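Notes for the one structure printed next.
The values are calculated or read from the model by the stated rules, or taken from the named source; none is laboratory data. Fair warning: this is a prediction, and the values are worked out from it, not measured in the lab. Cβ sites come from the backbone with ideal geometry, for glycine too, and all protein chains shown count toward neighbours.
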Amino acid sequence: MDLDILTTMLLDFVRAHQGWAPLIVGALAFTESVAVVSLLVPSTVLLLGIGALVGASGLEFWPIWLGAAIGAILGDWLSYAIGFRFKHAVFRVWPLSSHQHLSDRGEQFFARWGAWGVFLGRFIGPLRAVVPLTAGVFAMPMLLFQTATIASAWAFLMLAPGAGLSALAK
């Protein structure tokens, strides 16, 4: 099935079943935040599209944002936990083993910036899920990691542009 067809189907579903929007957005943010899975699921495009629906359809922004934030935090936590548990072995497993440059970039980014790297890494697409995994590999203190993750609230940036532009166009 074509990616455009899947995107259209999901956006049509959200439009028709608006009550499911926070859960769907939470699931998309979760997949966008989990190492490896984020490489396979086009969540960014879908989140931007749902952001546009928020403004165009009159959906409530804050419940959808909360769903996205919770999904992203849980995805980050899972990536961190995997890195913490399996350490450097995670970089030898497909698909990370075939994308060594992403692992190297995440590792360099984290080594240079520490907790700020987790915060900033949330805004850089390819690093978004690798940085929490790397933070786990290097055993960054969990409280510091979660503080940086929660403070980044990247989901707002995925939803707000479409919601704001659609609201302005009305």
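Which residues, counting only those in the range 103-118, are among the hydrophobic types (A, V, I, L, M, F, W, C), surrounded by fewer than 20 Cβ atoms within 10 Å (Cβ to Cβ) and either more than 22 Å from L143 (Cβ to Cβ) or at pLDDT 80 or above (or both)?
Within the range 103-118, W113, A115, W116 qualify.
Regarding A52, is this residue surrounded by 16 or more Cβ atoms within 10 Å (Cβ to Cβ) and at pLDDT 85 or above? Working first, answer last.
Values: surrounded by 16 or more Cβ atoms within 10 Å (Cβ to Cβ): yes; at pLDDT 85 or above: no.
Criteria not met by A52.
Can you name the condition, by its number, that S43 falls short on among (1) hydroxyl-bearing (S, T, Y); (2) within 16 Å of V14 (Cα to Cα); (3) surrounded by fewer than 17 Cβ atoms within 10 Å (Cβ to Cβ)?
Failing condition for S43: (3).
Between residues in the range 1-16 that are within 18 Å of A27 (Cβ to Cβ) and part of a helix (DSSP H, G or I) and residues that are hydroxyl-bearing (S, T, Y) and modelled with pLDDT under 85, which pairs lie under 8 Å by C-beta distance while being six or more apart or on different chains?
R15/S57
Taking the stated definitions as given, is E60 modelled with pLDDT under 85 and within 20 Å of G117 (Cβ to Cβ)? First the steps, then the outcome.
Details: modelled with pLDDT under 85: yes; within 20 Å of G117 (Cβ to Cβ): no.
So E60 fails the test.
Need the failing condition index for G125 against (1) under 18 Å from S43 (Cα atoms); (2) modelled with pLDDT under 75; (3) surrounded by 15 or more Cβ atoms within 10 Å (Cβ to Cβ), just the number.
(3)
Given the criteria modelled with pLDDT of 85 or more and farther than 15 Å from R122 by Cβ, does A81 qualify? Reasoning before the result, please.
Numbers: modelled with pLDDT of 85 or more: yes; farther than 15 Å from R122 by Cβ: yes.
In short, yes.
Of the residues in the range 36-93, how many are in contact (Cβ under 8 Å) with a residue 40 or more places away in the chain and farther than 22 Å from P132 by Cβ?
Adding up the residues that qualify gives 13.
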